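Read-outs: derived from the displayed coordinates by stated rules, not from any lab. Model, not experiment: these values are computed from the prediction. FYI the Cβ positions are ideal-geometry reconstructions off the backbone, even for glycines, and counts take in every protein chain you see.
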Amino acid sequence: MIDTKSVILPFNNLGKYTIFIIQEMGRSGSFFFRGFYSIFTIPFQFSKIMQQIYFIGLKSVFVICLTGAFTGMVLGLQGYYTLSKFGSEGLLGAAVALSLIRELGPVLTAIMIIGRAGSAIAAEIGIMRISEQIDALDTMDIDPIRFLVSPRIAASLISFPLLTAMFNVIGIWGGYLTGSILLGLNKGVYFSRVESGISMDDLIGCGIKSIVFSLIVATICCYQGYYTHTRKEGHGAKGVGFATTSAVVISCVLVLVSDYVMTSLLL
């Protein structure tokens, strides 16, 4: 005789997981809209936004420049040897520039910021939650989302496009370093191909991607830290650890998924 409970149990678990995902999507969407709307409420939080621009943007400049330089150098090296097989070494500049601007620049910039700043944001807000500092803000009639989340979203909207542009420029110069200086490609040919290969649509698409990634990263990292106390895996310091890990993993996955979706729409 068939045990109906054992047959139904997998469907029950699937249903519970599906409902959980839908609830999380709804709650995170509401969380984002509350935080984004509060950016434009009076009084404006210029000082807090500037503090977050310094933390998210300025402190990430070194790692972005370093990553961009070596990414461009690798693209220049690999691209040169690939194109040389077809006698098309002159197209190296366009290949490096388009690879960076269309894909690698926005994606790698977002992932670097997630690792450097996103994890810290999730941990900081998570510690504030378990130490009851967020509850204290509620007690003092201060909106925690406006106080903690809105400045970080605003700072991300400003920092991500600027850092992405910096990554692209440094990467193109890295490709020039390996392609022209080390491998002997004429520098005039390299930069002329960079100029002719890039269109305004490519730059606009890069900007759109960086803005979308900034909203995803800021929202997910703040959300995971803000709701640390609701995690089933553990509470206290353990919960903060899980929240930080989830923030990094979910942000990276959503950046890659959204990159594919936007690329398919923008092409």
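Remarks
- Here the dipole of region 46-266 is about 340 debye; that uses its Cα centre as origin and unit charges on the Cβ of Lys and Arg (positive) and Asp and Glu (negative).
- Span-like helix ranges in the chain, DSSP H, alpha carbon extent 27 angstrom or more, Kyte mean at least 0.0: 4-38, 61-84, 150-176, 200-226, 237-266
- GluC sites (Glu not before Pro) restricted to region 59-142 and DSSP loop, no more than 11 other C-beta within 10 Å: none
- Net +/- balance of residues flanking residue 138 in space, Cβ distance below 13 Å, scoring K and R +1, D and E -1: -2
- Figure legend: label point modelled 7 angstrom from the Cα of residue 263 along Cα→Cβ; no residues of region 68-89 have amide N under 15 Å from it.
- Filtered chymotrypsin sites (Phe, Trp or Tyr not before Pro), region 42-78: DSSP coil and at most 11 other beta carbons within 10 Å: none
- Positive-end extreme of charge dipole, region 60-141 - chosen from 125, 110, 97 (charges on Cβ): 97
- Take each peptide in 216-227, 73-84, count the other Cβ atoms within 10 Å of every residue, and average; sorted highest first, the result is 216-227, 73-84.
- Debye-sum result for region 125-255 in log10 I(q)/I(0), which assumes one identical scatterer on each alpha carbon, at q = 0.22 Å⁻¹: -1.22
- Neighbourhood charge, 14 Å Cβ-Cβ cut-off, centred on residue 220 and excluding it, Lys, Arg +1 and Asp, Glu -1: +1
- All alpha carbon pair distances within the chain were sorted into 5 Å bins beginning at 0; the resulting P(r) in whole percents reads 1, 6, 11, 14, 15, 13, 10, 8, 7, 6, 4, 3, 1, 1, 0, 0.
- The helix-only estimate of mean residue ellipticity at 222 nm for the chain, built from DSSP H runs of length n ≥ 4 each weighted as -39500 (n - 2.57), is -25000 deg cm²/dmol after division by the residue total.
- Candidates per trypsin sites (Lys or Arg not before Pro) in region 19-100, loop by DSSP, up to 12 other Cβ within 10 Å: 85
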